[in-house]
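Asks: My questions all concern the structure below.
The values are calculated or read from the model by the stated rules, or taken from the named source; none is laboratory data. Small disclaimer: the values here were computed from a predicted structure and weren't measured. Cβ: placed from backbone, ideal geometry, glycine included. Neighbour counts: every protein chain shown.
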Amino acid sequence: MYAIITISIVAIIVLFFGAIEKKAPLLPVVYVGLSLAFILNLVGWNQSVHYYNEMYIADNFSIAFNGVLIFTTLLVFIFAPVYYKPVKRPLEDIYALILFALVGSLIMTAFGNLLMLFVGIETLSLSLYILAGSKKFDPNSNEAAMKYFLTGSFASGFLLFGIALLYGASGSMNLEAIKQYVILNQAHMPGMLTIGLLLVAIGMTFKIGAAPFHFWAPDVYEGSPTLITTFMATVGKVAAIAAFFRLMSSSFAEVESIWKLTLTIFAVATILIGNLSAFYQDNVKRMFAYSGIAHAGYMLIAVIALKQQAAGVLLLYSMSYTIATITAFAVLILVREETGTFSIKAFNGLAKHNPREAFAMTIAMLSLAGIPPLVGFAAKYNLFVSAIGQGNLPLVIVAIIGSMISVYFYIRPVIAMYAKLPSGTAAIDSSSNYKKQITLAAVLMILLGLIPGVFVNLI
Amino acid sequence: MGTTIAQIQTIPLQYYILFCSALFSIGVIGVLAKRNALVIFMSVELMLNSANLLLTAFSAYRNDPAGQIFVFFIMVVAAAEVAIGLALLVVVYRSTKTIDINALNRLKW
């Protein structure tokens with residue numbers, strides 16, 4: 001709760017500094033504010049405090065996920081000064097919108113009432129619509145924003161109608177009250193509740209970017225400014241999946257039969273579509289979008305196989321996904337700035353001039369593919385083991401096949417970097433501005449790989 | 001307030017549910033079938049407002065104000081959404097000179 005208040009105040013201060021045309025204090029204020037929010041967020045660990053009539057629940061689940069989200073945003077902000085170097089204006093609007101989006105995502109992980117779920121999702125989405133279109137004079141960015149807006153508001157409609165039906169069936173929007181109602185009427189579920197749950201699941205699937213409602217993700221990810229894509233692919237996705245997990249585990253865990261099959265089909269479709277489509281992409285940014293869809297499918301497995309243990313597995317998975325994605329996008333931004341293209345050919349011969357960046361990209365790719373000893377392997381291993389423990393063997397087999405397909409397209413940039421010669425004269429300047437940031441992300445990824453067990457047992 | 005609720009309750013709840021589902025379906029079909037961005041915005045509004053009406057009906061039948069409070073939140077969010085949508089539409093119109101969403105075809109695989 002204090003973290004949300006802090007971040008909102010920081011966002012308003014940032015807007016104020018922008019209004020009086022002061023550029024210098026903007027980023028320091030953001031860094032200090034986010035660090036402060038990260039510490040304040042940890043207060044109340046193991047206490048499970050309820051705020052405002054159970055609207056907001058600060059239990060270990062939400063504290064852990066909020067920590068991940070705030071930290072991820074901090075990492076994204078570390079890349080902001082170099083990414084926005086050519087832009088001369090103060091950029092207070094973009095920073096403030098990222099912070100407001102973060103506030104929305106923090107609410108999403110900690111909601112105790114469907115009202116807060118809706119408010120959180122909309123706070124996140126409305127900020128992201130604008131951020132996606134923040135390159136005002138780039139037609140691609142405009143188009144991405146428009147597509148994101150149309151599909152996103154469509155999904156909100158489904159979510160809302162689903163919430164209305166759930167409210168009509170159970171008479172409350174409180175998660176605990178819905179759980180009690182569901183347990184009482186376990187024998188014969190009213191159709192209204194089943195349909196409402198299906199509509200809510202469709203709305204959430206849209207926000208996660210899982211099949212069959214994933215079609216917006218590649219276009220939006222490709223068209224948005226790359227830093228915003230990084231934010232969207234990490235914070236947006238993790239917050240949505242955490243919200244979905246919270247909804248399912250706190251209200252509908254007792255009636256698996258009415259949603260398990262549907263979600264299993266969604267997860268299988270997501271894993272296959274994500275991995276197979278990524279196969280054919282020459283545009284690396286678009287490939288990451290499909291890779292994000294595939295990872296949404298893996299994370300859906302945690303939702304399907306939910307018992308209390310799965311929360312820790314999901315936490316580890318989202319951390320590994322987040323850090324590897326940020327590293328990969330950072331290298332992609334660097335390559336794009338030097339060569340002007342997102343094509344896979346732009347990576348040719350990167351290792352020769354920038355061995356450090358090439359190494360960071362390599363471990364990011366291997367971690368996303370799930371190669372031991374990196375953290376991506378530990379995350380996938382724990383996820384699959386806990387899913388098998390719940391009796392989801394066929395689902396896990398599909399996920400492993402998908403994982404094997406994914407090795408091919410994750411290795412492609414690595415091969416391009418190490419085995420191919422630089423194309424033309426566009427050799428990348430080895431004194432790049434991103435050196436420190438990329439090193440930091442790579443070090444984090446290796447450190448995380450050493451202690452995965454800590455996070456699995458955390459919540 | 002009491003008389004309003006009594007008047008609302010004179011119509012059976014099923015009628016409200018059927019009516020709202022019909023409105024919602026019209027909204028969904030409008031979004032899927034129409035290619036004009038403004039009409040799509042209107043269809044999305046229809047979807048949101050059908051949810052509003054349904055929440056109000058449930059809330060009146062259960063004598064529980066929570067549903068009506070939710071409606072205020074939805075109205076605020078819908079207003080913000082339309083403001084953003086129209087702003088985006090203006091920006092898109094500047095570059096493509098049309099509000100037909102088929103013009104949005106630069107990004108595809």
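Asks: Scan A:155, A:201, A:211 and give me the residue that is within 11 Å of chain B (Cβ to nearest Cβ), closer than 30 Å to residue A:291 by Cα and under 27 Å from the mean Cα position of the chain (by Cα).
Replies: A:155
Asks: To continue, here is another question. Determine whether residue B:95 is assigned to a helix (DSSP H, G or I), at the interface with another protein chain (Cβ under 7 Å from one of its Cβ atoms) and over 11 Å from the mean Cα position of the chain (by Cα).
Replies: So residue B:95 fits the description; yes.
Asks: Moving to a separate point now. Give just the number: which of (1) over 14 Å from residue A:160 (Cβ atoms); (2) at the interface with another protein chain (Cβ under 7 Å from one of its Cβ atoms) does residue B:74 not satisfy?
Replies: The single condition residue B:74 does not satisfy is (1).
Asks: For residue B:105, only one of the following conditions fails: (1) at the interface with chain A (Cβ under 10 Å from one of its Cβ atoms); (2) assigned to a helix (DSSP H, G or I). What is its number?
Replies: Going through (1) at the interface with chain A (Cβ under 10 Å from one of its Cβ atoms); (2) assigned to a helix (DSSP H, G or I) one by one, residue B:105 breaks only (2).
Asks: Does segment B:34-43 contain at least one residue that is surrounded by 12 or more Cβ atoms within 10 Å (Cβ to Cβ), within 21 Å of the chain's Cα centre (by Cα), within 29 Å of residue A:132 (Cα to Cα) and facing chain A (nearest Cβ under 7 Å)?
Replies: Scanning segment B:34-43, I find at least one residue that is surrounded by 12 or more Cβ atoms within 10 Å (Cβ to Cβ), within 21 Å of the chain's Cα centre (by Cα), within 29 Å of residue A:132 (Cα to Cα) and facing chain A (nearest Cβ under 7 Å), so the answer is yes.
Asks: Any residue in segment A:118-129 that's farther than 13 Å from residue A:237 by Cα: show its pairings with residues that are part of a helix (DSSP H, G or I) and of a type in the set (Asp, Glu) at Cβ separation under 7 Å, as long as the two are six or more apart or on different chains.
Replies: A:126/B:81
Asks: Does segment A:75-94 contain at least one residue that is closer than 13 Å to residue A:246 by Cβ and either outside any helix (DSSP H, G or I) or touching a residue at least 24 places away in the same chain (Cβ under 8 Å) (or both)?
Replies: no
Asks: Are any of the residues in segment A:22-30 crowded, with 17+ Cβ neighbours inside 10 Å and in a loop (DSSP other than H, G, I, E, B)?
Replies: No.
Asks: With a cut-off of at least 2 residues that are under 16 Å from residue A:155 (Cα atoms), name the helices (runs of 4 or more DSSP H) lying wholly within segment B:1-90.
Replies: Those helices (runs of 4 or more DSSP H) span B:13-33, B:37-62.
Asks: Any residue at all in segment A:159-176 that is within 22 Å of the chain's Cα centre (by Cα) and more than 7 Å from chain B (Cβ to nearest Cβ)?
Replies: yes
Asks: If you don't mind, another one. When only residues in segment B:49-71 that are facing chain A (nearest Cβ under 7 Å) and either small (Gly, Ala, Ser) or closer than 22 Å to residue B:25 by Cβ (or both) count, which is surrounded by the most Cβ atoms within 10 Å (Cβ to Cβ)?
Replies: Of everything passing the filter in segment B:49-71, B:51 is surrounded by the most Cβ atoms within 10 Å (Cβ to Cβ).
Asks: Same structure again: Residue A:129: within 9 Å of another protein chain (Cβ to nearest Cβ), over 18 Å from residue B:52 (Cβ atoms) and either modelled with pLDDT of 90 or more or crowded, with 20+ Cβ neighbours inside 10 Å (or both), yes or no?
Replies: yes
Asks: Which of (1) surrounded by 21 or more Cβ atoms within 10 Å (Cβ to Cβ); (2) closer than 19 Å to residue A:384 by Cα is the odd one out, the single condition residue A:230 does not satisfy?
Replies: With respect to (1) surrounded by 21 or more Cβ atoms within 10 Å (Cβ to Cβ); (2) closer than 19 Å to residue A:384 by Cα, residue A:230 is out only on (2).
Asks: Can you find even one residue in segment A:288-296 that is free of Cβ contacts under 8 Å to residues at least 12 places away in the same chain, part of a helix (DSSP H, G or I) and more than 29 Å from residue A:458 (Cβ to Cβ)?
Replies: Scanning segment A:288-296, I find no residue that is free of Cβ contacts under 8 Å to residues at least 12 places away in the same chain, part of a helix (DSSP H, G or I) and more than 29 Å from residue A:458 (Cβ to Cβ), so the answer is no.
Asks: Another one. If residue A:365 satisfies every condition in (1) in a helix (DSSP H, G or I); (2) within 25 Å of residue A:447 (Cα to Cα); (3) in contact (Cβ under 8 Å) with a residue 60 or more places away in the chain but one, which is the exception?
Replies: If we test residue A:365 against (1) in a helix (DSSP H, G or I); (2) within 25 Å of residue A:447 (Cα to Cα); (3) in contact (Cβ under 8 Å) with a residue 60 or more places away in the chain, just (3) comes out false.
Asks: Count, please, the residues in segment A:405-438 that happen to be modelled with pLDDT of 80 or more, surrounded by 15 or more Cβ atoms within 10 Å (Cβ to Cβ) and either within 23 Å of the chain's Cα centre (by Cα) or among the aromatic types (Phe, Trp, Tyr) (or both).
Replies: Looking only at that region, the number is 8.
Asks: Among what's in segment B:10-30 and is of a type in the set (A, V, I, L, M) and more than 12 Å from residue B:50 (Cβ to Cβ), pick the residue that is surrounded by the most Cβ atoms within 10 Å (Cβ to Cβ).
Replies: The residue in question is B:13.
Asks: I've got another one for you. Within segment A:132-141, take every residue that is without any contact (Cβ under 8 Å) to a residue 12 or more places away in the chain and at the interface with another protein chain (Cβ under 7 Å from one of its Cβ atoms) and give me the one that is surrounded by the most Cβ atoms within 10 Å (Cβ to Cβ).
Replies: A:139
Asks: Condition first: of a type outside the set (Ser, Thr, Tyr), closer than 26 Å to residue A:341 by Cβ, within 15 Å of the chain's Cα centre (by Cα) and modelled with pLDDT of 90 or more. Can you find one or more residues in segment A:239-258 that meet it?
Replies: No: zero hits.
Asks: Among (1) without any contact (Cβ under 8 Å) to a residue 12 or more places away in the chain; (2) of a type outside the set (Lys, Arg); (3) out of contact with any helix residue (DSSP H, G or I) (no Cβ under 9 Å at 6 or more places or on another chain), where does residue A:21 come up short?
Replies: Single failed check for residue A:21: (1).
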